[in-house]
Amino acid sequence: MLDKKYNFAEKEKKWQDYWFENDVYKFDENSNAPKFAIDTPPPTVNGHIHMGHLSSYTHIETIARHHRMKGENVYFPFGFDDNGLPTERYVEKKIKKHASELERQKFIEICLDETRKLEDEFFDLYKSTGFSCNLKEHYSSISLNTQKISQKSFLDLYKKGYIYQDKAPSLWCTECQTACAQSELEDMDVESTFNYLKFFIKGKNEYVTVATTRPEMLCGVVCVFINPEDKKNAHLLKEKLIVPHFGFEVPVLADELVSMEKGSGVVMCCTFGDNVDKEWQRKHNLEIKECFTSNGRMTALAKEFEGLPILACRKAVIEKLKEEDLLIKQENITHTVSTHDRCGTPVEIEVKKQWFIDVLSHKQELYDAGLKLNWHPQNMRARYLNWVENLSWNWCISRQRYYGVPFPVWYCKKCGKPIFADEKDLPVDPLKDKPHKKCECGCGEFEPETDVMDTWATSSLTPQISSDMVTHKGLDDSFVPFNLRPNAHDNIRVWDFYTIVKSLYHFGKLPWTDLMISGYVTSSDGSKLSKSKSNGSGSPQEIVKNNSADVTRYWANNMALGKDTAFSLFEFDNGKKFVNKLWNASKFVLSFLEDYTPKEVKLETMDAWLLEKYKNLYKSFIKHLDTYEISLALSEVERFFWDFCDNYVELVKRRLYNPNIFGARECESAKYTCYHVLLGMLKMFSPFVPHITEEIYQSYYAKIENKISIHVSGYLDLGDKVDKSVLDKGEEVLDIVSAVRQFKSENKLSLKTEVEDITITSQNCDFIKKAEADLKGVAGARKINYKDGDFKVEIGKVILEQN
RNA sequence: GGGAGAUUAGCUCAGUUGGUAGAGUACCUGCCUUACAAGCAGAGGGUCAUAGGUUCGAGCCCUAUAUCUCCCACCA
């Protein structure tokens, strides 16, 4: 017997411990069942988790449970992305110090320590939400084993010619003082001024107007461009121009990228103010002039402005130009600048020696990969393709930082050639370890590579890192392709893209077959939730604790796939009601099944109808979950469930209570139906609300089915041939019930009020007659008359209660 | 500038092969019905953004338009 009230706090904890202790969700390496491998997103350990993460993980969770219920051998690993800049930034903020202020080793130790604390918090939340990933073992992107895999990947791609080192322009963050990748850029609107400056023509008292938003870069101007079609300014090509204030001269060149309409139609070029400068530098082989130091100060080029931060210098230069009457006018504008997603600082372009993975020469291959993968929802494919089409930088994987996977590389002190570590020695830390061989030039002394790898250079290997926990094969493709890569849409251009790159380059294979892309949870005002801003409505820990894991999961599972949803606790009410109803309905139904053993019986009409309806539901339920339509699957089974409660149970409860009146076989038929349909529903609900379904299952069905848990008990498939005519005719019986209820409601009568008779006009009287006993009961009718014709229900005389 | 999505009841949103507009919630009217008042029954409430088109038939397909959100590009 189930308790009168369901105590979620007690039960949820109980089952979480039970699942954990009994390894209910363990992946079976020796199983012959079809494998379903999930490339679980390792959360970035850089702050506290929010409802967005929780909802996205719930979706993954539900899919994992679904496949387990289908009898598949589900590989659902668990890990943390705890290396790299995100973590460093988190730690820097926390200790209020820049990494460069500490000794390298000390800083790394603090990072390790802080991530461990956060990881404990993540772990507790995963467990208390009932996640069925393997909680007993997890990978970490900073562990030595991961470093080994990551370094091996580096060596392999270098050997295959995908990785190169070059002194080339790369994106630079002056705040984090490191190179970054195109995928780490974020747009930001900034108030700025468009400054129209006088560039005098050498030897003449004439000037050309040049407009710029970056006057502080005047010291780095290398030339001025006009459009080759620009007849008005064509004469300038023969002239030299004098850079305002700084006074040096630069040539005028022509390039079709210059827009004649923008600004004054004449543009100054520095190396490097933006992307176009980068292209011009290459195309016209321009001199490289560095205006900024790596921490965002002006270099000696800026003369008296040397040492000033970029923005301060801009102000100072503008003042100077005003004084010298070189500034014609200023326009206030709002323009978009690219900023670093980790700190919000506008990025600059710097020329430094960096390691790159070539993606630009494989665009087509990468594009085609996007076409071959199954995206759910489908429109997310466009985002990937759009990203690949617009790639303009190779993937810079070196970071001038500290807490990350080191490059397995040294440089010869004499000739400067890189020396690579031997695979068998991995992982290596070039700062501590030394190469075992001499350089080709005969020199035996080396400088270590001090850069570390971009965190994505490692997390793009999650299929290998996670499967290594089972295969112990390291960088290996025996688990590839995984069945599913799930993540939110912000990661398409980052994690998804990079994982595809690595898998194609290493193995020539796609890393997975399917992607499931979740939307964002936004705060109630529509803004994005973030780990640093606290604009959510409480921490996930509190929400789960106050509302139960099942209700929280129910909420998350109702989000349409790929769509952003505003968070609102109000939406939790549905889940609370649902859980309560499921408990009460199960309690009621099971109270009739205490000594029941299921056996075949000739079914009553409405019982047969419900079973047909179940079969119909089952088919579409499986279809929805197989295609990751979680919310549709849930809403369908839920609709069936409420219908079961309000209509079917009402129809048969008298039969269940009174076998002596309705007949033993008739009662048995209802029991048979209740037994199977409730079991089937619990199993279907189990991926969504795992705790309450387990509690109900364990209190009754587990013994009969002899299963350790509902979650590995398999769905209840009653066959897929559905008799559509039975479905329709059964609905007509419900229409009769509905008509009687309406009559009573309109006449303000209690539903149990009895009536003398009802007269049913229908073309299905033969069918309805077979359900007469149930119908009489629920309608409170003493007699039923039948007529052939178009559907109509007439209610006879009301029998008033006799006291 | 390129792309994706949204626009359906007062509110939040479903609606996946084109076939009489749905749910929850709110409001209203009833009902203590041998599970559930965190419940049950019933009622009202919609030119499915706008304008055209295809079709016997369009919320759904096509073409424009409007408003909003997001991604990308531009960012002299």
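The values are calculated or read from the model by the stated rules, or taken from the named source; none is laboratory data. The model shown is predicted, which means the values in this text are computed figures rather than measured ones. Every residue, glycine among them, receives a Cβ derived from its backbone with ideal geometry; neighbour counts consider all protein chains shown. With ligands, DNA and RNA removed, areas are computed over all heavy atoms of the protein, side chains included. Shrake-Rupley method; radii C 1.70, N 1.55, O 1.52, S 1.80 Å.
Points worth noting:
- Placing unit charges on the Cβ atoms only, positive for Lys and Arg and negative for Asp and Glu, gives chain A a dipole magnitude near 320 debye about its Cα centre.
- Rounded, prolate or oblate (a/c below 1.5 giving rounded, otherwise prolate when a/b exceeds b/c) for segment A:271-334 by Cα gyration tensor: oblate
- Sorted largest first by accessible area at a 1.4 angstrom probe radius, with every protein chain in place, the residues A:Glu304, A:Glu61 fall in the order A:Glu304, A:Glu61.
- Probe 1.4 Å - accessible area at A:Val579, Å² to nearest ten: 10 Å²
- Rounded to 5, percent antiparallel among DSSP beta bridges of chain A: 70 percent
- Taking other residues whose beta carbon is less than 15 angstrom from the beta carbon of A:Gln464, and scoring Lys, Arg as +1 and Asp, Glu as -1, yields -1.
- Compared with the dominant Cα axis of chain A, that is its longest principal axis, helix A:380-389 is turned about 10°.
- Where trypsin sites (Lys or Arg not before Pro) fall in DSSP loop in segment A:757-799, at most 11 other Cβ within 10 Å: A:Lys797
- Couplings 3J(HN,Hα) for segment A:722-728, derived from phi with the Karplus relation 6.51 cos²θ - 1.76 cosθ + 1.60 (θ = phi - 60°), are 9, 8, 4, 5, 5, 4, 5 Hz, where x marks Gly and Pro.
- Accessible surface of chain A [probe 1.4 Å, protein heavy atoms]: carbon and sulfur percent: 48 percent
- Solvent-accessible surface (1.4 angstrom probe) belonging to A:Phe36, in square angstrom, nearest 10: 10 Å²
- Chain lengthening between A:Asp274 and A:Ser294 when straightened (0.36 nm per residue, less Cα-Cα): 5.6 nm
- Listed by chain and number, the lysines whose C-alpha is less than 24 Å from the C-alpha of A:Lys473, apart from same-chain residues fewer than 8 away, are A:Lys26, A:Lys35, A:Lys136, A:Lys148, A:Lys152, A:Lys159, A:Lys160, A:Lys424, A:Lys502, A:Lys509.
- Distance from segment A:692-732 to segment A:179-247 (C-alpha centre basis), Å: 73 Å
- Rounded to the nearest 20, the size of the Cβ-charge dipole of segment A:1-139 about its Cα centre is 440 debye, with Lys and Arg at +1 and Asp and Glu at -1.
- Spacing of the two label points (7 Å from each Cα toward its C-beta) at A:Lys438 and A:Lys13, in nm: 6.8 nm
- Chain lengthening between A:Asp573 and A:Glu21 when straightened (0.36 nm per residue, less Cα-Cα): 195.5 nm
- P(r) weight above 36 Å for chain A, C-alpha pairs, percent: 58 percent
- Square roots of 5 times each gyration tensor eigenvalue, C-alpha, segment A:1-156, largest first, Å: 34, 22, 12
- For the pair segment A:346-363 / segment A:364-396, the C-alpha centres are spaced 19 Å from each other.
- Where A:Arg282, A:Arg314 fall by accessible area, highest first, once all protein chains stay in place (1.4 Å): A:Arg282, A:Arg314
- Between segment A:85-113 and segment A:653-670, the alpha-carbon centres lie 72 Å apart.
- Compared with the dominant Cα axis of chain A, that is its longest principal axis, helix A:630-643 is turned about 20°.
- With the simple model of a label 7 Å out from the Cα in the direction of the Cβ, A:Leu751 to A:Asp720 spans 3.6 nm.
- Those trypsin sites (Lys or Arg not before Pro) in segment A:688-739 that DSSP places in a loop and that have at most 12 other beta carbons within 10 Å: A:Lys721
- Ordering A:Leu301, A:Leu800 by accessible surface, largest first, gives A:Leu800, A:Leu301; the 1.4 Å probe counts only protein heavy atoms, with every chain in place.
- Every Cα-Cα pair of segment A:434-577 was included, and the share exceeding 25 Å stands at 53 percent.
- Amide hydrogen neighbours beyond the local backbone of A:Cys223, cut-off 5 Å, H modeled: A:Cys269
- For chain A, the mean residue ellipticity at 222 nm estimated from helices alone is -12500 deg cm²/dmol, where every DSSP H run of n ≥ 4 contributes -39500 (n - 2.57) and the total is divided by all residues, rounded to the nearest 500.
- Fully extended contour minus Cα-Cα distance, from A:Ser478 to A:Glu191, at 0.36 nm per residue: 98.1 nm
- Close amide H partners of A:Thr193, meaning residues 5 or more places away or on another chain with modelled amide H under 5 Å apart, are A:Ile333.
- Accessible area per residue was computed with a 1.4 Å probe on protein heavy atoms; A:Ile500 scores about 0 Å².
- A viscosity of 0.692 mPa s and a temperature of 37 °C, combined with the Kirkwood radius over Cα pairs in Stokes-Einstein, give a translational diffusion coefficient for segment A:1-89 of 208 µm²/s.
- Net charge contributed by nearby residues that have their C-beta within less than 15 Å of A:Arg297 (K/R +1, D/E -1): -4
- Solvent-accessible heavy-atom area per residue, rounded to whole Å², over chain A at 1.4 Å: 43 Å²
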